[in-house]
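**Student:** Before anything else, here's the structure in question.
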Amino acid sequence: MKRLTEAGLTFEEGSNHTIVLRDGKRVSVISRQREIAESIVRQIEKQTGVTLKGGTAR
């Protein structure tokens, strides 16, 4: 979440998910879990263009 915030993205809290916004438009949705599966992290990187875990966003 910190890297998304640093990239200028904002958040809205839904009932079960956190909605990631860029300029007020939804770009991704993150489920509220302690740990997020690697495949989901890659999807979030692709949707937002922000690298979250080492390597580069696809």
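We did not get these values from a lab; they are worked out from the coordinates using the rules stated. Since the structure is predicted, the reported quantities are computational estimates derived from the model, not experimental observations. Reconstructed Cβ throughout: ideal geometry from the backbone, glycine too, with neighbour counts over all protein chains shown.
**Student:** Mind ordering 12-25, 36-49 by average Cβ neighbours within 10 Å, highest first?
**Tutor:** Highest to lowest by the protection proxy: 36-49, 12-25.
**Student:** Can you give the charge dipole size of the chain about its Cα centre, rounded to the nearest 20 debye, using +1 on the beta carbon of Lys and Arg and -1 on the beta carbon of Asp and Glu?
**Tutor:** 140
**Student:** Moving on to the next point. Please list, in order along the stretch 28-44, the HN-Hα scalar couplings obtained from phi with the Karplus expression 6.51 cos²θ - 1.76 cosθ + 1.60 (θ = phi - 60°), rounded to whole Hz, x for Gly and Pro.
**Tutor:** Taking θ as phi minus 60°, the curve returns 6, 10, 10, 5, 7, 9, 5, 10, 10, 4, 3, 5, 5, 4, 4, 5, 5 Hz for the stretch 28-44.
**Student:** Quick one: which residues, 5 or more positions from Ser28 or on another chain, have an amide H under 5 Å from its amide H? H modelled 1.01 Å from N in the peptide plane, none for Pro or chain starts.
**Tutor:** Amide H neighbours of Ser28: Val20.
**Student:** OK, next. So who's got an amide H within less than 5 Å of the one on Phe11, skipping anything under 5 residues away but keeping other chains? H placed 1.01 Å off N, in plane.
**Tutor:** Those qualifying (amide H under 5 Å, at least 5 residues apart or on another chain) are Leu21.
**Student:** Tell me, what ³J(HN,Hα) does each residue in the stretch 13-24 have, in order and in whole Hz, if you take phi through Karplus 6.51 cos²θ - 1.76 cosθ + 1.60 with θ = phi - 60° and put x for Gly and Pro?
**Tutor:** With the stated coefficients, the stretch 13-24 comes to 9, x, 5, 10, 9, 9, 9, 9, 10, 10, 6, x Hz.
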